[in-house]
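The values are calculated or read from the model by the stated rules, or taken from the named source; none is laboratory data. Bear in mind that the values here come from a model prediction, so they are computed numbers and not experimental data. Cβ coordinates were reconstructed from backbone atoms using ideal geometry, including for glycine residues, and neighbour counts include every protein chain displayed.
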């Protein structure tokens, strides 16, 4: 069973919640661009630029998956903690079993000699989103939510001002 958001927060010792934001993206034009800008604005001054960029990348991937695969309304939450941040994307998809809980690189099973022969054109354009989430977030999980599911990514923030 994948970890819940509460388990992620507890395991990563993010500390007490400092602030909570929730956004419905259904009526937004350019919801991905809007979400990226909002996350950047809310995290500005909270952590270093590299961690903000990581968080924005993960938010983009999670929202893209929700918009592309789940259909229906999508919402975004961003919770600031004393030592970290969590982002959650809620969608109408109910099947949490189709989401791998431990994404792996498509290159992981290849030998070094084989990976040296692979060019960018050989890699798939789709299907790498959760691998990116796993690579950039400190931890992530998926759990059922009211009328759907939520995918949560947690980040321990270096350079946090809290």
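Below, the figures for the structure above:
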{"quantity": "Residues that are crowded, with 18+ Cβ neighbours inside 10 Å and modelled with pLDDT of 80 or more, drawn from the range 84-110", "calculated": "84, 85, 86, 87, 88, 89, 90, 91, 93"}
{"quantity": "Within the range 38-58, tally of residues that are in a helix (DSSP H, G or I), more than 14 Å from the chain's Cα centre (by Cα) and buried (at least 20 other Cβ atoms within 10 Å of the Cβ)", "calculated": "1"}
{"quantity": "Flag if residue 29 is out of contact with any strand residue (DSSP E or B) (no Cβ under 7 Å at 6 or more places or on another chain), free of Cβ contacts under 8 Å to residues at least 40 places away in the same chain and outside any helix (DSSP H, G or I)", "calculated": "yes"}
{"quantity": "Filter pass, residue 64 being part of a helix (DSSP H, G or I) and touching a residue at least 12 places away in the same chain (Cβ under 8 Å)", "calculated": "yes"}
{"quantity": "Scan of the range 1-17 for residues that are outside any helix (DSSP H, G or I) and over 14 Å from residue 156 (Cα atoms), ordered by number", "calculated": "1, 2, 3, 4"}
